[in-house]
Amino acid sequence: MKHDAIKHDVIIVGGSYSGMAAALQLLRARRSVLIIDGGKRRNRRASHSHGFLGMDGVDPAELAHVARAQLEAYPTLAWLDGHVERATGTKDDFQVDCGGETHSARRLLLAIGVSDRLPDIPGLAERWGKSIFHCPYCHGYELDQGRIGVIATGPMSIHQAQLLPEWGDTTFFLNGTFEPDQAAADELARRGVTIDTSLIREIDGNADAVLTDGRRLRFGGLFTTPHNEPSTPIATQLGCELVETLMGLQISTGETKETTVPGVFACGDAARMPHSVSLAVADGAWAGAQIHRSLVWPAA
């Protein structure tokens with residue numbers, strides 16, 4: 001296997017928002033950074049990104065394009081479009097295999113994002129990020145206080161259903177996943193939420209719930225909470241600990257964003273919850289600064 005002769009200060013696996021935010025801090029400290037990116041942003045299906053200060057309503061693809069162009073103005077950046085097959089090594093001597101070549105670095109940052117396991121309802125996956133969402137702060141305002149449906153994936157969906165009346169008249173579809181206890185049902189009623197126990201046969205139109213009892217309920221948008229896990233197995237390859245959260249598996253990190261493997265850091269959706277572009281950027285910026293500090297004071 002061909003080896004890259006350059007040992008980078010940091011290899012960042014994942015070139016979306018958190019990975020680029022981390023890279024910016026490191027590049028401005030004149031550190032050599034290699035970003036390896038597979039080109040599949042989690043929000044690639046969305047046409048607008050909301051809630052990010054200064055960029056509210058901008059196409060997320062444009063956000064990513066502008067960010068990459070700004071990073072490429074720094075001479076210590078290298079960018080590789082590709083998929084990481086394997087990562088090995090220890091602090092100060094990591095190797096990353098990609099496209100038949102091995103690249104080395106003193107530190108690794110996993111900004112790999114997550115995969116979304118969605119409810120198995122026909123028509124749902126095609127509308128994910130378009131008229132079916134997970135974050136009301138990102139998409140609720142644009143529904144203009146219209147009708148909103150929440151599709152349960154488990155008991156934690158109660159919190160999503162309780163919150164969404166802030167943005168519109170809310171119907172909570174249990175969809176056979178669980179039965180809320182009396183206290184939860186009372187709180188949902190207090191919030192004005194309608195509980196519907198019918199099963200959803202399919203999603204049609206923009207965001208129509210077609211039920212098995214023959215009803216068709218039309219909504220401005222639907223929300224659900226997918227089960228998440230890191231988008232690639234690279235963290236487990238390296239021996240990083242994963243933890244179970246309310247939304248699924250994520251990479252365990254400390255306050256400095258270092259994982260349980262010394263020299264390996266993680267940020268963004270794969271290493272924190274809840275998820276949004278703003279929070280991913282903030283998490284990445286913090287991780288980048290902490291990685292730089294670990295290079296300056298390696299024994300700290």
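FYI, it's all coordinate maths here, none of it is from the lab. Worth saying up front: this structure is predicted, and the values here are computed from it rather than measured. Here Cβ is always computed from backbone atoms with ideal geometry, including for glycine, and neighbour counts include all displayed protein chains.
A few notes on this one:
- Using θ = phi - 60° in the Karplus curve 6.51 cos²θ - 1.76 cosθ + 1.60, the 3J(HN,Hα) couplings for segment 256-265 round to 8, 6, 7, 7, 6, 9, x, x, 10, 10 Hz; x is entered for Gly and Pro.
- Taking label positions 7 Å along the Cα-Cβ direction at both VAL296 and GLU179, the computed distance is 5.9 nm, reported to one decimal.
- Within the chain, helix-based [θ] at 222 nm, where runs of 4 or more DSSP H residues each add -39,500 (n - 2.57), nearest 500: -7000 deg cm²/dmol
- Amide H contacts under 5 Å for VAL58, placed H, 5+ residues apart: SER49
- Percent of Cα pairs in segment 25-158 per distance bin of 5 Å, from zero to the largest separation: 2, 7, 14, 16, 16, 14, 11, 10, 7, 3, 1.
- Alpha-carbon spread of segment 83-127, three principal axes, descending order, Å: 47, 22, 13
- Stokes-Einstein, applied to the Kirkwood radius of segment 119-224 over Cα pairs at a viscosity of 1.306 mPa s and 10 °C, places its translational diffusion at 118 µm² s⁻¹.
- Whole-percent P(r), segment 1-80, all Cα pairs, 5 Å bins from 0: 3, 14, 25, 23, 15, 12, 5, 2, 1.
- Gained length - GLU126 relative to ARG45, 0.36 nm times residue gap less alpha-carbon distance: 28.2 nm
- Full extension of the chain between ASP97 and ARG190 gives 28.0 nm of extra length, using 0.36 nm per residue less the Cα-Cα distance.
- Among TYR137, TYR17, the order by Cβ neighbours within 10 angstrom, fewest to most, reads TYR137, TYR17.
- Cut-off 12 Å between beta-carbons: net charge of the residues surrounding ASP92, Lys and Arg +1, Asp and Glu -1: +2
- Annotation: amide H-H contacts under 5 Å for PHE223 (H modelled 1.01 Å from N, sequence separation of 5 or more, or interchain): PHE133, GLY149, VAL150, ILE151.
- No disulfide-compatible partner, judged by a Cβ distance under 4.7 Å, exists for the following cysteines of the chain: CYS98, CYS240, CYS267.
- For segment 58-69, putting each phi into the Karplus relation 6.51 cos²θ - 1.76 cosθ + 1.60 with θ = phi - 60° gives couplings of 7, 4, x, 5, 5, 4, 5, 5, 5, 4, 5, 4 Hz, in residue order, rounded to whole numbers and with x for Gly and Pro.
- Interatomic Cα distance distribution for the chain, bins of 10 angstrom, percent: 6, 27, 29, 20, 13, 5, 0
- Note, ³J(HN,Hα) from phi for segment 244-254, Karplus 6.51, -1.76, 1.60, rounded to Hz, x at Gly and Pro: 8, 10, 5, 10, x, 8, 9, 6, 6, 9, x
- The Cα trace of segment 206-256 gives Rg and Dmax of 18.2, 53 Å, the first to one decimal, the second as a whole number.
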